[in-house]
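Can you read through this structure? Questions will come right after.
The values are calculated or read from the model by the stated rules, or taken from the named source; none is laboratory data. Treat the numbers as computed from the prediction; the structure is a model and nothing was measured. Cβ: placed from backbone, ideal geometry, glycine included. Neighbour counts: every protein chain shown. These area figures cover heavy atoms from the full protein model, side chains too; ligands, DNA and RNA do not enter into them. Shrake-Rupley method; radii C 1.70, N 1.55, O 1.52, S 1.80 Å.
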Amino acid sequence: MLVYAGSASKYFGLKLAKFLGIEYVSVETRKFPDGELYIRLGKEPKGETAVLVQSMYRTPNDYLMEYLFISRTLKELGAREVIGVIPYFPYARQDTRFKPGEVVSLSVVLELLEKMCTDRVVTVDMHLHRVQDIEEISKIPFTNLSVMKEIGKYFRDRVERGNTVVVGPDEEAEQWAKVVADVLQAPYMVLEKVRLGDMEVEVKAKEEELIEGRDVLIVDDIISTGGTIEATVRKVKERKANRVFVACAHAILAANAEYRVFHEGVEELVASDTVPSPYSLVSAVPVVADYLKRLRG
Ligand code: R5P
């Protein structure tokens, strides 16, 4: 087994190779003056399983294209199998045609991976909502791992034991809030979220009594514009929360998301390293490495 990484995930790839005790092969990627990509693999994978790591955040189209070029080339150059490790999987939220004429981006991305010779995909805390089981729509084996237990462990010594509630901003976030709450042996609740536009949401709290005077840990999969977290922080503060912490798997942090997360008074924001950021204090690498070890047998 060899680990290759695209330009989005070199550090993740290096760490993964180290965890697995296998070789990390460098990949040269650069752009020609006209914007086209130049890519060269440091070693041909002849007969080996190639693990290709590329998270697809912030500039998903560039990273996706790079990934597809590399995946196809790995196969051309003799890889026995190509395992795509895509820590942040893009386009998962456009999984249906909400309005006539829309592109169902998720299906297109899945098909591209398959057509460009990826044999198996591994991702982390993918935004699965309408599609609950990604295996149902992916033609290749697809595994969705989670870093939420690790996030829970991170907060064990940070929040007040016995006086903390984990809050998911909406129903979809229940799956993540529950795991973190289990680790902390704390109660959890989910709010009701109404999306008003790309940047604005409104949230309503049902079980108000759980919040007053407690530490609140807000957990979501993605922070993109920060609108969801901003509204959730505001709501729990209104309900007299004690300290407020925020955690997510993928800190995309588009536009002025950091301001929106922090300006109402958040103690700490913690994310995983699926998307590199100053808040990536929890690593998804051990979770992915364990899975790959099991796969190797
Ligand atoms: C969607 O429901 C997701 O779980 C996140 O809540 C959402 O992607 C966050 O986006 P934003 O930070 O732009 O509100």
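Among the lysines in the range 148-273, how many pairs, 8 or more places apart or on different chains, have alpha carbons under 13 Å apart?
On the way: Lys149/Lys178; Lys193/Lys204; Lys193/Lys206; Lys193/Lys235; Lys204/Lys235; Lys204/Lys237; Lys206/Lys235.
Lysine pairs meeting both conditions in the range 148-273 amount to 7.
Follow-up. If only Cα atoms are counted, what is the Rg of the range 17-62, and what is its Dmax, in Å?
Taking only Cα atoms of the range 17-62, I get Rg and Dmax of 13.3, 39 Å.
Let me ask another. Please report the relative contact order for the chain, taking Cα pairs under 8 Å with a sequence separation of at least 6, and give it as a percent rounded to a whole number.
Working: 633 pairs, mean separation 38.9, N = 297.
After rounding, I find 13 percent.
Another question, if that's okay. Please list the non-local residues whose amide H lies under 5 Å from the amide H of Val124, H modeled 1.01 Å from N, same-chain partners needing a gap of 5 or more.
Phe89, Leu145
How far is helix 285-296 tilted, in degrees, relative to the longest principal axis of the Cα atoms in the chain, given as a value from 0 to 90 rounded to the nearest 10?
50
Using Cα atoms only, what is the angle between the long axis of helix 60-76 and the major principal axis of the chain, expressed in degrees (0 to 90) to the nearest 10?
The two axes meet at around 40 degrees.
Pop a pseudo-label 7 angstrom from the Cα along the beta-carbon direction at both Lys139 and Phe32 and give the gap in nm to one decimal.
Output for this residue pair reads 3.0 nm.
Still on this structure, please answer the following. Suppose only helical runs count, i.e. DSSP H with n ≥ 4. What mean residue ellipticity at 222 nm does that imply for the chain under -39500 (n - 2.57) per run, divided by all residues and rounded to the nearest 500 deg cm²/dmol?
Working: 8 runs with 88 residues, N = 297.
Here the helix-only value at 222 nm equals -9000 deg cm²/dmol.
Same structure again: For Tyr91, Tyr57, Tyr24, give me the order by solvent-accessible area with a 1.4 Å probe, most accessible first, ignoring ligands, DNA and RNA. Don't jump to the answer; show the numbers that get you there.
Values: Tyr91 85, Tyr57 20, Tyr24 55 Å².
Accessible-area ranking of Tyr91, Tyr57, Tyr24, largest first: Tyr91, Tyr24, Tyr57.
Also: If you build a Gaussian network model of the chain, linking Cα atoms that sit under 10 Å apart, which residue out of Val275, Val179, Val131 swings the most?
Evaluated over the chain, the most mobile residue of the options is Val131.
So between Glu171 and Val103, what do we pick up on full extension, going 0.36 nm a residue minus the alpha carbon distance? Don't skip to the answer; put the middle values down first.
Details: separation 68, 0.36 × 68 = 24.48 nm, distance 2.51 nm.
Extending this stretch completely gives an extra 22.0 nm.
Within a Cβ distance under 13 Å of Pro278, other residues only, what is the Lys/Arg minus Asp/Glu net charge?
Details: positive: none; negative: Glu258, Glu268, Asp273.
Residues near Pro278 contribute -3 overall.
Ordering Asp34, Asp125 by how much accessible area each has at a 1.4 Å probe, largest first, what is the list?
On the way: Asp34 105, Asp125 5 Å².
So, going from the largest accessible area down, we get Asp34, Asp125.
Once you compute Rg and the Kirkwood Rh from C-alpha atoms, what is the Rg to Rh ratio for the chain?
Working: Rg = 19.9 Å, Rh = 20.0 Å.
Rg/Rh for the chain comes to 0.99.
From the phi of every residue in the range 261-272, what ³J(HN,Hα) in whole Hz does the Karplus formula 6.51 cos²θ - 1.76 cosθ + 1.60 yield, where θ is phi - 60° and glycine or proline is x?
Once θ is set to phi - 60°, the couplings for the range 261-272 become 6, 8, 5, 8, x, 9, 5, 7, 10, 10, 10, 8 Hz.
Please report, as a whole percent, how much of the solvent-accessible surface of the chain comes from carbon and sulfur atoms (probe radius 1.4 Å).
On the way: 6540 of 13640 Å².
It is 48 percent, rounded to a whole number.
Another question, if that's okay. Could you identify which residue out of Gly35, Gly21, Gly168 has the top mean-square fluctuation in a GNM of the chain using Cα springs shorter than 10 Å?
Per the Cα network of the chain with a 10 Å cutoff, Gly35 tops the list.
Treat every Asp and Glu Cβ in the chain as -1 and every Lys and Arg Cβ as +1, leave all other atoms uncharged, and give the resulting dipole magnitude about the Cα centre to the nearest 20 debye.
Details: 40 positive and 46 negative charges, 144 e Å.
Using Cβ point charges on Lys, Arg, Asp and Glu, the chain gives about 700 debye.
Ok, one more. Could you tell me which residue out of Tyr291, Val108, Ser55 lies farthest along the dipole of the chain toward its positive end? Charges go on the beta carbon: Lys and Arg +1, Asp and Glu -1, centred on the Cα centre.
Tyr291
A further question on this structure: Using the Karplus curve 6.51 cos²θ - 1.76 cosθ + 1.60 with θ = phi - 60°, what ³J(HN,Hα) values do you get for each residue of the range 158-167, in whole Hz, with x for Gly and Pro?
Each residue's phi maps through the Karplus curve to give 9, 9, 6, 4, x, 9, 10, 10, 8, 10 Hz.
While we're here: On a 1.4 Å probe surface of the protein chains, which of Arg40, Arg239 comes out largest in accessible area, and what is the full order?
Working: Arg40 145, Arg239 55 Å².
Descending order: Arg40, Arg239.
What is the angle, in °, between the Cα long axis of helix 227-238 and the longest principal axis of the Cα atoms in the chain? Nearest 10 is fine, range 0 to 90.
20
Return the long-range amide H neighbours of Leu191 (sequence gap of 5 or more, or a different chain), with a cut-off of under 5 Å between placed amide H atoms.
Gly168, Asp170
A further question follows. So how exposed is Ile134, as accessible area in Å² (1.4 Å probe, rounded to 10)?
We get 10 Å² for Ile134.
What residues have an amide H closer than 5 Å to that of Ala284, excluding those fewer than 5 places away on the same chain, when H is modeled at 1.01 Å from N in the peptide plane?
Asp273, Thr274
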